[in-house]
Amino acid sequence: MLEFQNLRHRYTPQVEVRFPDLRLAHGDHLLVLGASGSGKSTLLALIAGLLSPSSGHVRVEGTDVGSLRASARDAWRGATLGFVPQRLHLSPSLSVLHNLELPFVCAGEHVDSPRIATVMDHLGIGALAHRRPHELSVGQAHRVALARALLREPRLILADEPTASLDDEAATDALGLLRQAASETGATLVVATHDRRVTDWLPGAHVLRLAAAPAP
């Protein structure tokens, strides 16, 4: 389902990060561990096609992501990926409901209101539909971001530091939702984190440990 082969990304002419070869089956979980600066977010961006590798390949279900043209990457992301970024990027001027309509609008598709309602109810945020992001708790905002990632039933879910700003209770809740969502849809789940708590909450996950990129 997900494969890295000779994958590298060059930050500067002097600094390049190399990622180990890896192959994940459909429905597997992967923890990408490492300190800040080790390349965790870079790896997620390479998987999502937001960055291009300086060499090597990322393949998702046989698709070489780096070889896709920009418009094809956008379409592929919309059809394949659910992304929960470290900074949740909820539009502050829009309600929760309108934030969840954006993925359909940006894809030029008809807004699937029944799907939005189903996902909101499933994640327990139906009552928050008309709130703005500043009116949400941290845990509620994470649920909204997860709902946005799941709207189009992705086959691959990427989460970048999903527990970084959460206490133990909220972190357990967020990871439980991620794991449940991946299980119910059969999606492959990739979580990048430096939070040691996460390894206890995702037992059985494959683990990829990254070392810090060398200084120039």
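Below, the figures for the structure above:
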{"quantity": "Subset of segment 4-28 that is part of a strand (DSSP E or B) and of a type in the set (D, E, K, R) - its residue that is nearest to ARG155 (Cα to Cα)", "calculated": "ARG23"}
{"quantity": "Residue within segment 59-68 that is surrounded by 14 or more Cβ atoms within 10 Å (Cβ to Cβ), of a type in the set (Val, Ile, Thr), closer than 30 Å to SER137 by Cβ and under 15 Å from the mean Cα position of the chain (by Cα) present", "calculated": "no"}
{"quantity": "Yes/no for ARG87 being within 22 Å of the chain's Cα centre (by Cα) and over 21 Å from THR185 (Cβ atoms)", "calculated": "yes"}
{"quantity": "Within segment 29-59, considering residues that are in a loop (DSSP other than H, G, I, E, B) and aliphatic (A, V, I, L, M), the one nearest to PRO154 (Cα to Cα)", "calculated": "ALA48"}
{"quantity": "Count - residues of segment 76-88 that are surrounded by 14 or more Cβ atoms within 10 Å (Cβ to Cβ) and either part of a helix (DSSP H, G or I) or free of Cβ contacts under 8 Å to residues at least 60 places away in the same chain (or both)", "calculated": "5"}
{"quantity": "Filter result for the condition that a residue is without any contact (Cβ under 8 Å) to a residue 12 or more places away in the chain and of a type outside the set (D, E, K, R), over HIS142, HIS110, HIS134", "calculated": "HIS110"}
{"quantity": "Scan of segment 169-213 for residues that are out of contact with any helix residue (DSSP H, G or I) (no Cβ under 7 Å at 6 or more places or on another chain), among the acidic types (Asp, Glu) and in a helix (DSSP H, G or I), ordered by number", "calculated": "GLU169, GLU184, ASP200"}
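Per-residue answers, yes or no, for (1) within 15 Å of HIS206 (Cα to Cα); (2) among the aromatic types (Phe, Trp, Tyr); (3) at pLDDT below 95:
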residue	(1), (2), (3)
GLU3	yes, no, no
LEU7	no, no, no
GLU16	no, no, yes
HIS26	yes, no, yes
HIS29	yes, no, yes
LEU43	no, no, no
LEU50	no, no, yes
GLY62	no, no, yes
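The values are calculated or read from the model by the stated rules, or taken from the named source; none is laboratory data. Predicted model only: the values in this text are computed from it and were never measured. All Cβ positions, even for glycine, are placed from backbone atoms using ideal geometry, and neighbour counts span all protein chains on display.
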